[in-house]
Structure formats: structure tokens, C-alpha cells
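In what follows, a structure is listed as C-alpha cells, so that the remarks can point back to it.
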Amino acid sequence: MHPAPSVIVFTTLSGLGFGLLAFLGLGMPDVTGGVAFLFFALGYALAVGGLLAATFHLGNKKNATKAFSQWRTSWLSREGVASVAALLVMAPFAIGRIFLGVDLTALGWIGALLSLGTVFTTSMIYAQLTTVPRWNMRWTPVLFLTHALAGGALLAGQITAAAILLAVLGLILILSWRQGDAQFDESGASLETATGLGSIGTVRQLEPPHSGQNYLLKEMAYQVGRKHSAKLRAIALGLGVVLPVLCLTVLPFSHMIALVAVLSHIAGVAAGRWLFFAEAKHVVSLYYGR
Amino acid sequence: MTALPETTEKKLGLVIDLDTCVGCHACVVNCKEWNTSNYGEPLSDMDAYGAEPEGTFLNRVHSYEVTPASGCAQTVHFPKSCLHCEDAPCVTVCPTGASYKRVEDGIVLVNENDCMGCGLCAWACPYGARELDSLAGIMKKCTLCVDRIYNENLPEEDREPACVRTCPAGARHFGDLGDPDSDVSQLVAERGGMDLMPEMGTKPVNKYLPPREKDTLLADMALAPTSEEPKGFLKWLDKALEAL
Ligand code: SF4
Ligand code: SF4
């Protein structure tokens, strides 16, 4: 799948943002006033910035508000509804903490749930697609949620929780790569089933239907990522998990080191996300002999 | 509404004969012509006269080579457009309600006034049947020529999809696949019509007829030679030339 920068930025940033908002909703860290303002501003900036980035790849932005209408069937629509609900519910909670010094605990919990719910709906947009076997597995929502929790804990300054969640994230990354690698074969799709000609023999493409590019090839038959897979996995794991964990556990705590941990984590997650798209093979590429 | 109807009154669709298709791409051209000048946004071309032309098409013809375990390989031309699936994943993923399946005839359509061009439906389709038009920014797909098949301004014989009407080989058939007595259903039953990628669970309405089995030539099928051996001077010349 084509790794569109807008979608990578969106899933990376909004995942972090909603993860941070979830921790803030649970009162971790237990902050009020100016400090609370900084935390909430960061959470909102990441979550909203990510959502805005996602609208960049729309072909017809003027209809974007209609995306809230089909929540009964569409995960993309549910994501829209959940994200707005999370941001709205968190707002009075944030205002209470920042300006009034009050803790609207119940509202915070609901906001935290909605924040994680938003991340879940995002993951389901990918996990529901039988056409992209690498995404079409239970690990996809687990992976997205762990990303949000680990990143959120890191940004919220929850050192112990972040170290543990990052380690879990590393494990889940490895497991999901392993299962992901097997998914295409397990889906059973091949050029033989795609053409229905498998009962006669083996099939290969003789001539493509068009000599130039088209939307399908650009969007769904992207191949560059697959050959750099091993390197990018190492980068994603090293920067996203190993380095931040070392920063949190081995080195003495300082704001500088915390910043290194956060930036390294974001870079690692972005690399992993790039791979998440670039490595995923859509069954339609079979028709093009790819 | 992007919920799928429980059932549809009809299941209009195509039956494509892979035995008969000669790969001439006439259906591709006629589809483009009809659908760029009628229903909805035109099917745009980019860099049409430049080095890298590309454009939006609702129907494309692939060509494959099939090699059996023993015997000769064969070429199969393979037209592909929307299969108007019963369990159309492209419809249920749509967040705006633009994609829908009609209750009356099962045709899957995009309401272009609602589409936001997110492309998710194209991701959900296993068959590459949807293309986002890069000029209009909205999703285009086969409409089964919904603006021809019910169009009383057209002569009766033209009230079928443009691709079917134009196919010079008669490789494309249109009808109600929900009616077991229809011509298309009979054809599917007779020729073992098949679904593409059934493992994707989409239950396509369109069916493909596999290439017929090749004849095997038996000894007594060969015709006796009909030409006569040359005589006289020609016989001598024939021999002389052969000896050279
Ligand atoms: S062929 Fe693709 S676009 Fe057409 S109904 Fe099936 S899934 Fe949808
Ligand atoms: S591209 Fe248009 S029709 Fe397709 S899912 Fe998005 S809004 Fe719906």
C-alpha cells in the first residue's frame, strides 16, 4: 500500500495525542494550573493535528463532514464520531484542571475511554480489510492500542508505566510482524483464485491492461517497502522501543534525556508506520502479477 | 445509507466468457466513451498526449497465460470491472453514505454528491474495480450503465451496458442472475460459471465462464491429403530441387 505521508503523520501523531489524553483523563500525572495547560495543549495539538493531516489526502474535502453519518456500518465514520466525542468530553475536564483546580474524575474516565476508543476505531479501519491480509488480523488493534498507551505514558511522564508498556510494545511489534508475514499466504488469495483459472494450471501475467500508471498501481501495488523491511524493522524497534527504554531505566532522569526518549520514540513509531503501509500487499496487486 | 440490503429484487450483472474474449479492448473504449459523456463526472485523462498518459477507466482487460501440468500453455484475455457483489465490502466501509447497493436491482453505485474521495472503498474492493478520478477527486466505478438499461429514449437493443453492446466477439452477457430461468443464469449453469477470489467473501454477482477444454486431436481426425502428387516435368523439378 502506498505510504501516504499524511496518513503516516495522522496515525502516528493522533495515536500519541489520544494516548496522552487518556493518561491525563485518568489523572496521571495529577497536575493542575499551568502545568496541566501544557500537558493538555500537547495532547490536543497532537490529536487534532493528526486528524487534520488525515484530511489532506481527501479528494473532495467539502464533503468531509458527511463522514460522521455512517457510524452504524463504517469504521472510518466511527473514528470521526469517537474522536470528536473524546475531544469534547475532555474539554470540560481540562478546563476544570487548568482554571478551576477541580478534578471531574468521572468525566476524565469517560474521556480516557473515548480517547482509547478512537485509537481502536482507527485500527479497525485497517484491520477490517480482508483485501490487505497483513492488516486483517487481531494484532492490528492490539498494536495500535499499545502504541497509544506506551507513547501516552511516555509523554505523560509516567516513567515506570512507560518503560513497561514500551517493552510490551516491542514484544507485540515482533509478534505482529511474524504473524503479518504469514497472513498473505494464509488468506488463500493467488493469481489462480483471482482469475479462477487455477483449475487449468498456473497463471502468469502476459500483458498488463494498460501500459501506463493508474490509481490502483499507485495506491495499492506499492513495492518499495518490502525490500527494506528488515532494516526498517530494526530502526522501528531500536528507536521506538529500545532507546527510550534505556533512557528511562538506565540513565539518570533529566528533562533532556526524557526529550531524547520522546523524540526517539516518535521517530521509531513513524518508521514502523511507514513500513506498516509500504509492506502491506493488497490482493489487487495479484491481477498485475505483483 | 451504507448498510447493505438483506436481499435485492433482482441481481443484475454480467457474465463474461473467457473462452470467447479476444482481448480487443473494444469494451474498454466504449465504456470510457459512454461513461465519460453521461452519468456523473467525466473519466479524466492526465497527460493524455505526453510521455506518461494515464486515466480513469471502469473496465480493463488483462491478459494471462495459463500453463497446465502437461500440454500447451494458453492465453486468456480477462476483462474486469465491478462485480456488483452481494456482500460488497466497498459499500459498508464508506463513511459518507456515498456508496450504496440498490434494493431494486442490486447495482452498486456511488452518489457523487456525497463522496469525499477518501479512497477507502477502493481499498476494500479485492478486484480493483474502483478508481479515484484524479481530476474530480471522487470515486468512479462501473454503474452497469444504469443510464442505458432503463433508458426509454434509446432503441430497445441499446438498453444494455455499453461493453456488452459493443463486444464484437459476443463474450459479454447482461441479465438478472437472481432469476434461475434467465438466459445468463442458464449460461452460468451450463458452462460452470465461477466467482473470482471467492475466499474474499464478497459473493460477486458477475460470473466468469472458464475457457472450454481444448480439443485433443485423435489420429482418425486428421484429413487425408487432398493435393495430388506432381507428374512429368514438375515431378522431375520437385525431385531435382529436393536433391539440391
Ligand atoms: S467488485 Fe469491488 S467495487 Fe464492485 S461491488 Fe464488489 S467490492 Fe464493490
Ligand atoms: S471514496 Fe467516496 S464512495 Fe469511497 S468510501 Fe470514501 S466517501 Fe465513500
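The values are calculated or read from the model by the stated rules, or taken from the named source; none is laboratory data. No experiment lies behind these values; they were computed from the predicted model shown. So basically every Cβ, Gly included, is an ideal-geometry build from the backbone, and we count neighbours across all protein chains shown. Keep in mind that these areas ignore ligands, DNA and RNA; they rest on the heavy atoms of the full protein, side chains included. Shrake-Rupley method; radii C 1.70, N 1.55, O 1.52, S 1.80 Å.
With closer than 23 Å to B:C163 by Cα and either more than 16 Å from ligand 2 (Cβ to nearest atom) or of a type in the set (V, I, T) (or both) as the only criterion, which of B:L43, B:L132, B:L83, B:L109 stands out?
Testing whether each residue is closer than 23 Å to B:C163 by Cα and either more than 16 Å from ligand 2 (Cβ to nearest atom) or of a type in the set (V, I, T) (or both) leaves just B:L83.
Hey, could you check segment A:62-74 for residues that are within 7 Å of chain B (Cβ to nearest Cβ) and of a type outside the set (S, T, N, Q) and say which is most open to solvent (accessible area, probe 1.4 Å)?
A:R72
Select from segment B:135-175 the residues that are within 10 Å of ligand 2 (Cβ to nearest atom), among the hydrophobic types (A, V, I, L, M, F, W, C) and out of contact with any helix residue (DSSP H, G or I) (no Cβ under 7 Å at 6 or more places or on another chain) and list them in ascending order.
B:I138
Looking at segment A:85-93, can you tell me whether even one residue there is in contact (Cβ under 8 Å) with a residue 24 or more places away in the chain, within 14 Å of chain B (Cβ to nearest Cβ), within 21 Å of the chain's Cα centre (by Cα) and within 19 Å of A:L13 (Cα to Cα)?
No: segment A:85-93 contains no residue that is in contact (Cβ under 8 Å) with a residue 24 or more places away in the chain, within 14 Å of chain B (Cβ to nearest Cβ), within 21 Å of the chain's Cα centre (by Cα) and within 19 Å of A:L13 (Cα to Cα).
Tell me, yes or no, whether segment A:127-142 has at least one residue that is open to solvent by 40 Å² or more (accessible area, probe 1.4 Å), of a type in the set (A, V, I, L, M) and under 10 Å from the mean Cα position of the chain (by Cα).
So far as segment A:127-142 goes, no, none of its residues is open to solvent by 40 Å² or more (accessible area, probe 1.4 Å), of a type in the set (A, V, I, L, M) and under 10 Å from the mean Cα position of the chain (by Cα).
Please verify whether segment A:280-287 includes one or more residues that are touching a strand residue (DSSP E or B) at 6+ places or on another chain (Cβ under 7 Å) and either within 30 Å of B:M194 (Cα to Cα) or not polar (S, T, N, Q) (or both).
yes
Open to solvent by 20 Å² or more (accessible area, probe 1.4 Å) and part of a helix (DSSP H, G or I): which single residue out of A:G17, A:G43, A:G49 fits that description?
From the options A:G17, A:G43, A:G49, the qualifying one is A:G49.
All but one of (1) closer than 21 Å to B:T20 by Cα; (2) outside any loop (DSSP other than H, G, I, E, B) hold for B:A240; state the number of the condition that does not hold.
Just one mismatch for B:A240, condition (1).
Filter segment A:143-172 down to residues that are assigned to a helix (DSSP H, G or I) and not hydrophobic (A, V, I, L, M, F, W, C) and give me whichever is surrounded by the fewest Cβ atoms within 10 Å (Cβ to Cβ).
Ranking the qualifying residues of segment A:143-172, first place goes to A:T160.
Restricting to segment B:94-108, name every residue that is more than 7 Å from chain A (Cβ to nearest Cβ) and more than 10 Å from ligand 1 (Cβ to nearest atom).
Hits for segment B:94-108 are B:A98, B:Y100, B:R102, B:V103, B:E104, B:D105.
If you go through segment B:196-244, how many residues are within 14 Å of chain A (Cβ to nearest Cβ) and touching a Lys or Arg at 6+ places or on another chain (Cβ under 7 Å)?
1
Condition first: on the phi < 0 side of the Ramachandran plot and surrounded by fewer than 21 Cβ atoms within 10 Å (Cβ to Cβ). Can you find one or more residues in segment B:123-135 that meet it?
Yes, the conditions are met somewhere in segment B:123-135.
Which numbered condition in (1) away from chain A (no Cβ under 11 Å); (2) surrounded by fewer than 22 Cβ atoms within 10 Å (Cβ to Cβ); (3) in contact (Cβ under 8 Å) with a residue 40 or more places away in the chain; (4) out of contact with any Leu (no Cβ under 8 Å at 6 or more places or on another chain) is the only one that B:D19 fails?
Here B:D19 clears every test but (4).
Do the conditions hold for A:S254, that is, is it among the polar types (S, T, N, Q), closer than 30 Å to B:M194 by Cβ, without any contact (Cβ under 8 Å) to a residue 12 or more places away in the chain and out of contact with any Lys or Arg (no Cβ under 8 Å at 6 or more places or on another chain)?
No: the conditions fail for A:S254.
Can you work out which of the residues in segment B:74-93 that are open to solvent by less than 10 Å² (accessible area, probe 1.4 Å) and more than 9 Å from ligand 1 (Cβ to nearest atom) is farthest from A:Q128 (Cα to Cα)?
Looking at residues that are open to solvent by less than 10 Å² (accessible area, probe 1.4 Å) and more than 9 Å from ligand 1 (Cβ to nearest atom), I get B:V76.
Here are some residues: A:V203, A:V245, A:V262. Which one is modelled with pLDDT of 90 or more and either among the acidic types (D, E) or in contact with a strand residue (DSSP E or B) (Cβ under 6 Å, 6 or more places away or on another chain) (or both)?
Residue meeting the stated conditions: A:V203.
To keep it simple, each residue is scored yes or no on (1) under 21 Å from the mean Cα position of the chain (by Cα); (2) away from ligand 1 (no atom under 16 Å from the Cβ); (3) among the β-branched types (V, I, T).
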{"position": "A:P3", "(1), (2), (3)": "yes, yes, no"}
{"position": "A:F18", "(1), (2), (3)": "yes, yes, no"}
{"position": "A:P29", "(1), (2), (3)": "no, yes, no"}
{"position": "A:T32", "(1), (2), (3)": "no, yes, yes"}
{"position": "A:L52", "(1), (2), (3)": "yes, yes, no"}
{"position": "A:K62", "(1), (2), (3)": "no, yes, no"}
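Filter segment B:60-72 for residues that are among the hydrophobic types (A, V, I, L, M, F, W, C) and more than 15 Å from A:S199 (Cβ to Cβ) and give the result.
B:V61, B:C72
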